[in-house]
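First comes the structure, then the notes that go with it.
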Amino acid sequence: MQPAQHRTTLTRFLIEERRRYPQASGDFNSLILSVALACKSIAREVAFGALGNMPSAAAGGVNVQGEVQKPMDVLSNEAFLRITEWGGHLAGMASEEMETPYQIPAHYPKGRYLLVFDPLDGSSNIDVNVSVGSIFSVLRAPDGEGAATEQDFLQPGTGQVAAGYAIYGPATMLVLTVGNGVNGFTLDPNLGEFMLTHPDLQVPADTREFAINASNSRFWEAPVKQYVDECMAGRTGPRGEDFNMRWIASMVAEAHRILMRGGVFLYPRDSKDPARPGRLRLLYEANPIAFIMEQAGGRASTGRQPIMAVQPGSLHQRIGVIFGSRNEVERIERYHNTPQAVDLPNPLFNERSLFRVPG
Ligand code: F6P
């Protein structure tokens with residue numbers, strides 16, 4: 001293993017980035033380092049599995065001491081709040097786990113940034129020991145002294161100052177963009193430091209791998225059906241090539257795979273539940289991953305417009321999400337922008353298909 005002195009730590013990386021902006025105060029770096037610490041503390045809990053303090057996905061368990069246990073997503077949320085609230089960098093926070101914005105307690109100074117996060121994405125995967133992650137996005141707080149309002153957070157993704165995720169997999173990694181490319185850091189569990197191991201990540205423009213929850217296919221819109229049908233048709237279909245399909249049900253894990261070797265991820269708008277035009281949340285799932293993808297040369301879209309161009313209407317808004325290898329995402333956008341002549345039959349359910357309907 002390469003000795004630590006030959007590696008760039010996250011701290012060094014941030015300090016060297018900051019030197020490019022002589023007017024920067026160091027506030028932003030401290031914020032990112034506290035987010036990284038929150039991720040390390042979650043990584044440690046996750047790694048202990050059934051041996052640790054965190055109960056399974058089921059809420060309200062009781063441990064051997066008779067104490068009421070909180071589910072892991074609640075504990076991960078608390079890790080983010082407690083580790084970042086005191087530093088004086090934040091004007092407020094919003095999270096998947098909190099209905100309304102979190103106010104910085106009055107006894108701490110307030111700062112210039114807003115932190116938005118999903119503390120434990122894909123948490124149902126914990127019980128089966130499959131990779132999960134945390135996702136975060138940093139926005140500028142509007143000027144003013146008052147309480148952070150929902151309105152303050154309703155900024156399009158283009159306003160993000162930084163975004164990242166931590167993936168708790170075989171190795172823990174932090175993937176970060178500060179708007180100047182994407183860099184990946186691997187946690188050295190002995191030193192407790194994130195080390196730069198994947199500088200300047202680039203998503204390959206082409207791919208033969210797509211990820212979608214095919215059990216929703218009967219609810220998809222025609223452009224998505226067309227795209228998946230063509231991939232499934234393989235070498236003898238219009239694409240002339242075989243594709244692989246993946247579905248981990250943990251968006252961080254899918255995004256990470258796509259960053260490492262390309263691919264396309266779709267959780268598109270569908271008609272499954274008319275009250276929900278998509279599954280994933282705009283502010284703390286779609287926007288940060290979109291920022292990372294675009295900074296790595298990939299693309300992120302609703303199918304109809306870039307994710308980061310969407311003006312959010314509410315804190316927990318859901319949206320259709322398509323991201324990954326640029327040429328595939330652009331192809332899917334073209335399908336959305338071309339009027340569909342017919343609703344194409346779906347080969348996922350035809351006679352010869354993998355998902356043949358019995359009977
Ligand atoms: O939003 C949480 C999440 O777990 C994502 O990480 C993942 O991509 C998706 O939901 C899985 O959805 P489904 O249960 O429909 O497969």
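Please enumerate, by chain and number, the aspartates and glutamates with C-alpha under 18 Å from the C-alpha of LYS40, excluding those fewer than 8 residues away in the same chain.
ASP73, GLU78, GLU85, ASP118, ASP121, ASP188, GLU193
Return the distance in nm (one decimal) between the two label points of a simple spin-label model at ALA275 and ALA47, each offset 7 Å from Cα along Cα→Cβ.
Modelled inter-label distance: 4.1 nm.
Provide the gained length on full extension for the span ASP206 to GLU145, in nm with one decimal, where the gain is 0.36 nm per separating residue minus the Cα-Cα distance. Let's see the in-between values first.
Details: separation 61, 0.36 × 61 = 21.96 nm, distance 4.74 nm.
In short, 17.2 nm is gained.
Of TYR267, GLN311, VAL321, which is farthest along the charge dipole of the range 209-337 in the positive direction, counting Lys and Arg as +1 and Asp and Glu as -1 at C-beta?
Result: GLN311.
Report D for the range 209-337 in µm² per second (integer): Stokes-Einstein, Kirkwood Rh on Cα pairs, 37 °C, 0.692 mPa s.
After rounding, the answer is 225 µm²/s.
Rounded to the nearest 0.05, what FRET efficiency do GLN305 and ALA106 give with R0 = 41 Å and r taken as the Cβ-Cβ distance? Could you check?
Between GLN305 and ALA106 the formula returns 0.55.
From the backbone phi of the range 105-113, what are the Karplus-calculated ³J(HN,Hα) couplings (6.51 cos²θ - 1.76 cosθ + 1.60, θ = phi - 60°) in whole Hz, Gly and Pro given as x?
x, 4, 7, 10, x, 9, x, 9, 10
For a Förster distance of 22 Å, can you work out the FRET efficiency between the beta-carbons of VAL74 and ALA171, rounded to the nearest 0.05?
0.30
How much length would be gained if the chain were fully extended between ASN190 and ARG261, taking 0.36 nm per residue of separation minus their Cα-Cα distance, in nm to one decimal?
The span from ASN190 to ARG261 would gain 22.8 nm if fully extended.
With label points built 7 Å along Cα→Cβ from the Cα atoms of SER30 and THR236, find their separation and express it in nm.
Output for this residue pair reads 6.5 nm.
State whether the range 4-198 is rounded, prolate or oblate according to the following rule on the C-alpha gyration tensor (a ≥ b ≥ c being the square roots of its eigenvalues): a/c under 1.5 gives rounded; otherwise a/b larger than b/c gives prolate, and the remaining case gives oblate.
Since a/c reaches 1.5 but b/c is at least a/b, the shape of the range 4-198 is classed as oblate.
Please name which of GLY184, TYR284, GLY164 has its Cα lying farthest along the dipole of the range 155-296 towards the positive end, using unit charges on Cβ (Lys, Arg +1; Asp, Glu -1) and the Cα centre as origin.
So the residue furthest toward the plus end is TYR284.
If R₀ is 51 angstrom, what is the calculated FRET efficiency for the pair THR9 and ALA222, using the beta carbon separation as r and rounding to 0.05?
0.55
I need the helices of the chain that pass two filters: whole DSSP H segments spanning 30 Å or more by Cα along the axis, and mean Kyte-Doolittle score no lower than -1.0.
In the chain, the long hydrophobic H runs are 27-48.
Considering only DSSP beta bridges where both residues belong to the chain, give the percentage that are antiparallel (nearest 5).
Looking only at bridges with both residues in the chain, the antiparallel portion is about 80 percent.
Every number here is computed from the coordinates shown, using simple stated rules; none is lab data. The structure presented is a predicted model; accordingly, all values stated were derived computationally and were not measured. In this analysis, Cβ positions are derived from the backbone assuming ideal geometry, glycine residues included, and neighbour counts consider all displayed protein chains.
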